[in-house]
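The structure appears below as structure tokens.
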Amino acid sequence: MLLRASLFILLLLIGAVALAGPCAVPAVVVAEVELSGNETTKPQVMLRELTFAPGDTIPADELEPLLEENQKRLFNLRLFHYVNYTYTCEEGQVRVNYEVQERFYLYPIPIFDFADRNFNAWLEKRDWSRIDYGINLIRKNFRGRNEEVRVRVQRGFNKRLELGYRIPYIWRKYNLGADFAVSDYRSRTISYTNYNNRQRFFEQEEGVPIKRTAVSAALIHRQDVQRQEGLRLAYYSEAVSDSVTFLNPEYYKEARGERQYLRVELYKVVNRRNNFAYPTAGTYLEAGVSQTLFLQQTGSPFTTARAKYVQYVPLSDRLFYMAGAEGQLRLAGRHAFADNVALGYRSYVRGYELYVIGGQHYGLFKQGLTRQLLDIKSINLTFIDNPKFNHIPLSVYLNGFTDAGYVVDDAFEDGNPLTNRLLLGGGLGLHVVTFYDIVLRLEYTLNREGDKGFYFSARFPF
């Protein structure tokens, strides 16, 4: 019995070696790439993202890193909850299978938002009339081709109607895609000037003090999910009430109460982050230049150049460092107040959320040290049958950070002491990353002016 058992085990080992032996060759050939789980997504959408194809010869020691890198590329399409891969080797031939779990692609997102720049700016007023409501309907992966259709109907304090359509490929030979959008915006109030780096609002009893309509079209050269550049052309028509031009004659400068303009923008994005929702490794580069030309002599033309670079460095399995910088240059003969936008909106020094620092040029630096506290790949909700909803990931991070910024304003600096001054802020935050790339941040900050407090945000800090 012992001899038979020994012979049986020996035969198994010989068989295993025989199966594994062909993989020990210096190079392997990709015989086949299979996809599974993509019930909606067209195979060509996934295959175009891969950096290898059947027939390619790959050094054996580079096979695993290559498959892992392409796993990340597929995941960063943001079409799947997860992407797994398996492969088999036989006589130097490799067969690869990528298995995915598709997301739910129709997003009927209810709008219940604050009409101010951020939650803390609204909290300072605590005015419940300054609420926006409606629905934001997004159909991702339309037709299974990674196209996107956007419809936003918003009522309340700020009224918006937005329609958009993005198609990744209109000319596959040259990797050209397109994006089209039209929008209409009307608000019951307008920030007509800044004083002490705080917005001053005018609210009109009848009608609306500001209207803005925009139409845009973009041609996008998409090398892959990580690299793209584009050319965008947009038309804007804006009008403000007579009361606004009376309160601030510099609001539109020459245009007084109405202006129309064209904007041509050229931009490039290189996104080599390991995760687009909450990156912990890799780099991000974004640069662009735009020219704004006013029609019917309703303004002075200006050129804007922007750039942003961030690096994410993993120090260990759960400890990460991030550092990045962002800047803007705006060149014009004469500046209108409406275009004098720098820090305080999408970009800001943390700790200065309640302030608006207008200007023509700015520089912004951010760094942070992040410690992962919790990483649950999937919380199974057994009472939900749909696999697109019954698995919820949950990650929690502790983040310490410091920010610095500087704004140059040669046109509207009077009465705004934070312009032309170094801004410094720092603090400690708790970041939660969960379902469908949702990022929630609660941060305690202290700035150079001595202001301190808790601030809430719902997007990645940089």
**Q.** Looking only at the range 377-409, and only at residues there that are among the β-branched types (Val, Ile, Thr) and either outside any strand (DSSP E or B) or within 23 Å of the chain's Cα centre (by Cα) (or both), the one that is surrounded by the fewest Cβ atoms within 10 Å (Cβ to Cβ)
**A.** Thr382
Q: Spot the failing condition for Val433; the list is (1) outside any strand (DSSP E or B); (2) within 25 Å of Arg103 (Cα to Cα), and only one is missed.
A: (1)
Q. Going by the structure shown, is Val439 surrounded by 19 or more Cβ atoms within 10 Å (Cβ to Cβ) and either in the same structural domain as Arg334 (by TED's automatic domain parsing) or acidic (Asp, Glu) (or both)?
A. no
Q. Within the range 307-331, restricting attention to residues that are basic (Lys, Arg) and in a strand (DSSP E or B), which residue is farthest from the chain's Cα centre (by Cα)?
A. Arg330
Q | Candidate set from the range 35-61 (those that are over 28 Å from the mean Cα position of the chain (by Cα) and surrounded by 13 or more Cβ atoms within 10 Å (Cβ to Cβ)); member that is modelled with the lowest pLDDT | A | Ala60
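Give me the residue from the range 410-428 that is surrounded by fewer than 21 Cβ atoms within 10 Å (Cβ to Cβ) and over 21 Å from Phe337 (Cβ atoms) and, out of that set, farthest from the chain's Cα centre (by Cα).
Here is the first cut: in the range 410-428, the ones surrounded by fewer than 21 Cβ atoms within 10 Å (Cβ to Cβ) are 410-415, 417, 420-422, 424, 426, 428.
With the extra rule that they be over 21 Å from Phe337 (Cβ atoms), the set shrinks to 422, 424, 426, 428.
Values: Leu422: 27, Leu424: 25, Gly426: 23, Leu428: 23 Å.
Only one residue fits best here, namely Leu422.
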Q.
Here are the criteria: (1) in contact with a strand residue (DSSP E or B) (Cβ under 6 Å, 6 or more places away or on another chain); (2) at pLDDT below 95; (3) surrounded by fewer than 17 Cβ atoms within 10 Å (Cβ to Cβ). Tell me which single one Glu254 does not satisfy.
A. (1)
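In this structure, is Gly351 within 23 Å of the chain's Cα centre (by Cα), at positive phi, crowded, with 17+ Cβ neighbours inside 10 Å and not charged (D, E, K, R)? First the steps, then the outcome.
Details: within 23 Å of the chain's Cα centre (by Cα): yes; at positive phi: yes; crowded, with 17+ Cβ neighbours inside 10 Å: yes; not charged (D, E, K, R): yes.
Taking the combined requirement at face value, the residue satisfies it.
So which of Gln311, Gln260 is among the polar types (S, T, N, Q) and in contact with a Gly (Cβ under 8 Å, 6 or more places away or on another chain)?
Details: Gln260 fails: in contact with a Gly (Cβ under 8 Å, 6 or more places away or on another chain).
Matching residue, one of Gln311, Gln260: Gln311.
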**Q.** Subset of the range 442-462 that is in contact (Cβ under 8 Å) with a residue 24 or more places away in the chain, within 23 Å of the chain's Cα centre (by Cα) and part of a strand (DSSP E or B) - its residue that is surrounded by the most Cβ atoms within 10 Å (Cβ to Cβ)
**A.** Glu443
Q.
hydrophobic (A, V, I, L, M, F, W, C) and touching an Asp or Glu at 6+ places or on another chain (Cβ under 7 Å): is that true of Phe75 in this structure?
A. no
(Q) Quick test of your reading of the structure: Tyr284 fulfils all but one of (1) closer than 23 Å to Phe180 by Cβ; (2) within 19 Å of the chain's Cα centre (by Cα). Name the failing condition by number. (A) (1)
(Q) Cβ-Cβ distance below 6 Å, separation of 6 or more or different chains: which pairs start in the range 364-376 with a residue that is within 16 Å of Pro461 (Cα to Cα) and end on one that is of a type in the set (D, E, K, R) and part of a strand (DSSP E or B)? (A) Leu364/Glu326; Lys366/Asp403
Q) Got a number for residues in the range 433-455 being of a type in the set (Asp, Glu) and in contact with a helix residue (DSSP H, G or I) (Cβ under 6 Å, 6 or more places away or on another chain)? A) 0
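Collect the residues in the range 332-362 that are in a helix (DSSP H, G or I) and either outside the structural domain of Glu449 (by TED's automatic domain parsing) or of a type in the set (Phe, Trp, Tyr) (or both), keeping them in residue-number order. Spell out the reasoning first.
First pass over the range 332-362, keeping only residues in a helix (DSSP H, G or I): 337-339.
Passing the criteria: only Phe337.
The values are calculated or read from the model by the stated rules, or taken from the named source; none is laboratory data. None of the values given here were measured: they were computed from a predicted structure. Note: ideal-geometry Cβ built from the backbone for every residue, glycine included; neighbour counts use all protein chains shown.
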